[in-house]
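Everything on this sheet refers to the single structure shown next.
The values are calculated or read from the model by the stated rules, or taken from the named source; none is laboratory data. Quick caveat: nothing in here was measured; it's all calculated off a predicted structure. Neighbour counts are summed over all protein chains in view; Cβ atoms, including those assigned to glycine, are modelled from backbone coordinates with ideal geometry. These area figures cover heavy atoms from the full protein model, side chains too; ligands, DNA and RNA do not enter into them. Shrake-Rupley method; radii C 1.70, N 1.55, O 1.52, S 1.80 Å.
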Amino acid sequence: MAIRVNPKLIEDIEQYGAEEVSNCYHCGNCSAVCPHSADPFIFPRRSMRTLQMGLESKLRSSLEPWLCYYCGQCSEQCPREAEPGETMMSLRRWLTSRYDFTAISHLFYRSWKAEVVAIVAMALLTGLGFALYGFSSGDINTYDGPTAFLQSPAVHVFDWTMAGVLTLLLLVNSARMWWFTVGSRTDIRVPLLSYVKRAVSLPSHFFTQKRYAQCGEKGPWLVHLVLMLSYVMMFTLIMFFLHEVQAGPGINWNVHAFGYIASVGLIGATVVMLRGRLKKSRPGNKHSHETDWIFLVLLLYVAVTGVTQHVLHRTGFDLAANIAYLAHMMGVVPMLVLEVPFGKWSHLAYRPLAMFFSELVADALRENARVTTQVGIGSPQPARV
Amino acid sequence: MEELRIGVYVCNCGTNIAKVVDCDAVVEAASSLPGVVVARPYKYMCSTPGQEMIVQDIKEQNLNRVVVAACSPRMHERTFRKALQTAGLNQYFFEMANIREQCSWVHDDAEGTTRKAEALARGAVYRVACHEPLEKLSVDMCPSTLVIGGGIAGLTAALELAEAGHPVHLVERTERLGGNLARVDLTAPYLDSATDLLIDRITRVRESPAIKVHLSSELKELSGFVGNFEALIGPATNGGQPTTEGRRVGVGSVVVCTGYKEFDASRITHFGYGKLPNVVTSFELEAMLKAGRIEMKDGRTPQYFAIVHCVGSRSREFHGYCSRVCCMTALKYAHEIKSSIPKAYVSDLYIDMHAFGKGHEEFYRQSSEAKTLFLMYDKNEHPVIKRAGPKDDCDMLIEVNEKLSGEVIEIPADMVILMVGMEARPDSGQVARLVNISQDKEGWFIESHPKLDPVATTTEGVFIAGTCAAPKDIPDSVAQARAAAARILAKIARQKIEIDAVFAQVDEDHCSGCRVCNELCPYSAIEFDEKTRHSRVNSALCKACGACVAACPSGVIKARHFSDRQILAQIEGILS
């Protein structure tokens, strides 16, 4: 059955950042130079083609954009400046909005103003909520203890509630991702055993990001890994040791040492990334979507306000520390609520999942090929580069 | 008869000959032949010292015949003949033995090859002994030119010649000048208006006192030879009853610029041309563009356009060749459509994108940037166009196996434009016979040499320019027209036409008038004199192929420089 070409789709995806897709004339240099392009996931050329022709269902079921880390060699090699790397990036944004069952990411990616308005609104709401709570049960001049302005058990409950809601949202979206890329495919069948056998790839990709390291330059991978590990460390501290983190003014090295390492990692990596984007230091930094800036600025803001409140509390300025804490929360909440399920941060789930799913799909395709060859119907189709 | 004094020169051609042939042995064998007074080997006979050696020997040793054993006469016969002329000897007292192409390049047995080279040299020595002094003939060159066809090539050729001050008869079959270009809106890749290009030339042709334009006319007859043709120009009959009425004009040269005909799209059924109302040919779209409004049959403005390349070209069933202009014309349509309907979507279905000319690759890139969707189909698996369903937002759907994605896809279309290729005009055979030129299997006129002599033909004085020779674009057609004009101007400037002394002659006293030779001559060089009932060879048209000499039942046709005596002597030399 023929698939209908939709020449209008490209205009839609252009709003996610892709600009020069039409320039591509399919020489295949990009796929040849890409260190990750390998049968059966050969990209970026195929994605460029599917996008040019507007084959939406094909695009939606593709895992290839997630297998790219945007080292940018493809864009450098492109004889027509079609920016295949940026196209893959834009497709990741577009896919995020397809996986999202609400229309929120669709809105944010197409209108940065809407995203900023949402962040500001959520920040004000958070500020108002915590201020009301603080003034009702605590003292603005006290940072910790039973009369603290923001008491850690309450914040702890809030954190866990928020984490639960966000995880649920992300799980629903991840399930949709599975359905689009694996579940709904009629040409392959993935046996349950495969899921078990390949399950180890999820944590292994999540914690090492080893595929990123294969992108030629090691620098971007290292910065990204530092940022991720620092975040995971901070996240663990806050979710499980919030009381110890907040307690003071003495320094509990058993806990705070980790906090300091994570803070240095977060701020350092964010600054390096921002600097890279400002200087357009490598191909992957040449094009920055508004959402890239929003994400990094939020991250830096949260890290800096977090450190500020900690320092102020340890130096005896409890009032200032509480204000900084409030400001910190006004950054943390919108960042998590808007970025994790609907924004750039969702890739924390989608990328490792894509590695996992791609292994399942590759196994299933190999199995198909094996059966076909055995039965003798014909040899498997050669891959198209 | 004076005593024979023959010089034999054996060329080593660097190592080309000497690596297989023992040149010294050839020299030694030749030196003992009757009449040979000097025999020498040399590294490069065609070099200046080599030629000077011949000149010096002729003068000092009083040579009256020269043989050079070297390469093919097609390569250097002219060079050595010139050396003889320089030394004051008649240039036809020369003979060449080909010991390179016929010996060292085709054999590797040194012993046998040397014997063969000796035999060929001996044949040449025996033959040259029988040579006679001949003189080249010279006739006047008529400065008028006949240009057939009033398209861009014909107009250009006529203007070039007229601007040099020579009279031109421009014959155009239709009632107006401009040819196929007059049907075109803009030109690729610079988007200049075709009308602007033409109007300027047509006006200049009209105003030129040297150009006589014959509209609604055609060439009825052409007789004579280079420098001295007589053309009969009569009213165009367009395939009707042929007439011999008209005006006779004398011309020295002929330029054929009869152009092309577009492929008839209704010969292909799967595109639905003629059945689906909004499947149009490129020329039908040109007409819409010239009128300034692109619309569907029912008057609606189309949103989805699809351009299909290679209609009738590059196919097994129709024409195997590429029509060369359609790719860029298709891109031009994409551009013009988007300028006229900014919300339009243009799909371009091609086999290969041929963007070889100046500015073409850039134009292709511009079209990509303007979001033309390029889709590649296989030439053995053509797109199929069908009517869309009532729910679709388009008039037609095109199903095609798209090669770059490997997907079978369906493209929405409101208007499909078929890029019809070029083909030879149906009457090109008639024109070819009239002016005595050849056609290839597709009907295009054949040039004298495809690379080195692209506007001349095998008939001297008859030139071809533009798309009558093969599909080409405007710059190529114009360049060819100017090249043809330049060739003619060079002939006019010399005022005389030199005719080679080698041609066939009929001994009219013994001709029985059987006319066997008349039909046989491939150059139409033999005329029959009704009054004397004898055949006569027109020496200017004769190419000395020898067909008539061999065929004459009475044996009364002799080829100069190829007499029986000369050929038999050569055979005797080779065999002895």
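State the dimensionless ratio Rg/Rh of the range B:6-136 (Rg: radius of gyration of Cα atoms; Rh: Kirkwood radius). For the range B:6-136, the value is 0.94.
Which of the DSSP-defined H helices in chain A satisfy a minimum axial length of 18 Å, computed from C-alpha atoms, and a minimum mean Kyte-Doolittle hydropathy of -1.0? Span-like helices in chain A: A:84-99, A:112-137, A:152-178, A:219-246, A:253-279, A:290-314, A:318-334, A:347-375.
Once both axes come from the Cα atoms, what is the angle between helix B:110-128 and the longest principal axis of chain B, in degrees from 0 to 90, rounded to 10? For B:110-128 against chain B, the angle is about 80 degrees. Computed from the Cα positions only, the extents of the range B:265-421 along the three principal axes stand at 39, 31, 29 Å, in decreasing order. By the Cβ rule of 4.7 Å, chain A holds the following cysteines without a possible disulfide partner: A:CYS24, A:CYS27, A:CYS34, A:CYS68, A:CYS78.
Between the range A:1-45 and the range A:236-265, how many Å separate their Cα centres? Centre-to-centre distance over Cα atoms comes out at 46 Å.
Using a 1.4 angstrom probe on protein heavy atoms only, the contact between B and A buries about 2300 square angstrom of accessible area, both sides summed. Between the range B:50-80 and the range B:491-514, the alpha-carbon centres lie 27 Å apart.
Among beta bridges from DSSP that stay inside the protein assembly as shown, the antiparallel ones total about 45%. Max-minus-min Cα coordinates of the range B:393-432 on each principal axis give 49, 25, 10 Å, with the largest extent listed first. Shielding by partners for peptide A:16-26, expressed as the average number of C-beta atoms from other protein chains within 10 Å of each residue's C-beta, is 3.
Its Cα gyration tensor gives the protein assembly as shown an equivalent ellipsoid; the semi-axes, largest first and in whole Å, are 85, 37, 25. When the helices of the protein assembly as shown are scored as -39500 (n - 2.57) per DSSP H run of n ≥ 4 and the total is divided over every residue, the value at 222 nm lands at -14000 deg cm²/dmol. Solvent exposure of the protein assembly as shown, expressed per residue, is 45 Å² of accessible area, with all protein chains present and a 1.4 angstrom probe. The long axis of helix B:282-291 is offset from the longest Cα principal axis of chain B by roughly 60 degrees.
Mind pulling the angle between the C-alpha long axis of helix B:564-575 and the longest principal axis of chain B? Nearest 10 degrees, somewhere in 0 to 90. It works out to around 80 degrees.
Burial annotation for the range A:59-84: residues with an accessible-area loss of at least 50 Å² between the isolated chain and the complete set of protein chains, computed on heavy atoms with a 1.4 Å probe, are A:ARG80. When the alpha carbon gyration tensor of the range A:9-99 is reduced to an equivalent ellipsoid, the three semi-axes, largest first, read 18, 14, 12 Å. For peptide A:4-12, the mean count of partner chain Cβ atoms within 10 Å of a residue's Cβ comes to 5. With a cut-off of 11 Å between beta carbons, the residues surrounding B:HIS166 carry a summed charge of -1, where Lys and Arg count +1 and Asp and Glu -1.
Taking all protein chains together and rolling a 1.4 Å probe, A:LEU229 ends up with roughly 70 Å² accessible. Take the convex hull of the alpha carbons in chain B; its mean projected area over all directions comes to 33.8 nm². Other residues with beta-carbon under 11 Å from the beta-carbon of B:ARG183 carry, at +1 per Lys or Arg and -1 per Asp or Glu, a net charge of -3. Structural descriptor for the range A:4-60: relative contact order 51 percent, calculated from alpha carbon pairs under 8 angstrom and at least 6 residues apart. Relative contact order of the range B:520-576: 23 percent, from C-alpha pairs under 8 Å at least 6 residues apart in sequence. When only Cα pairs below 8 angstrom with a gap of at least 6 residues are kept, chain B shows a relative contact order of 14 percent.
In a reduced charge model with +1 at each Lys and Arg Cβ and -1 at each Asp and Glu Cβ, chain A shows a dipole moment near 1180 debye about its Cα centre. Relative protection proxy for B:540-549, A:278-287, A:153-162, A:335-344, from highest mean packing down: A:335-344, B:540-549, A:278-287, A:153-162 (other beta-carbon atoms within 10 angstrom). A straight Cα-to-Cα reach below 30 Å connects B:LYS43 with the lysines B:LYS19, B:LYS59, B:LYS82, B:LYS116, residues fewer than 8 places away in its own chain not being considered.
Surface composition of chain A: carbon plus sulfur atoms hold 67% of the accessible area, using a 1.4 angstrom probe and ignoring ligands, DNA and RNA. Total lysine pairs in the range B:265-421 at Cα distances under 12 Å, for residues eight or more apart or on different chains: 4. Here the protein assembly as shown is treated with +1 on each Lys and Arg Cβ and -1 on each Asp and Glu Cβ, and its dipole about the Cα centre works out to around 1000 debye. Expressed as a whole percent, the accessible area of the range B:265-421 that falls on carbon and sulfur atoms is 50 (1.4 Å probe). The alpha carbons of chain A give a radius of gyration and a Dmax of 23.1, 80 Å, in that order. Counting, for every residue in B:394-407, the Cβ atoms of other protein chains within 10 Å of its Cβ and taking the mean gives 4.
The range B:157-205 and the range B:369-405 have Cα centres spaced 38 Å apart. Let me check I've understood the local charge: for B:ASP298, count other residues with C-beta under 12 angstrom from its C-beta, Lys and Arg +1, Asp and Glu -1. What total comes out? Within the 12 Å Cβ shell, the charges total -1.
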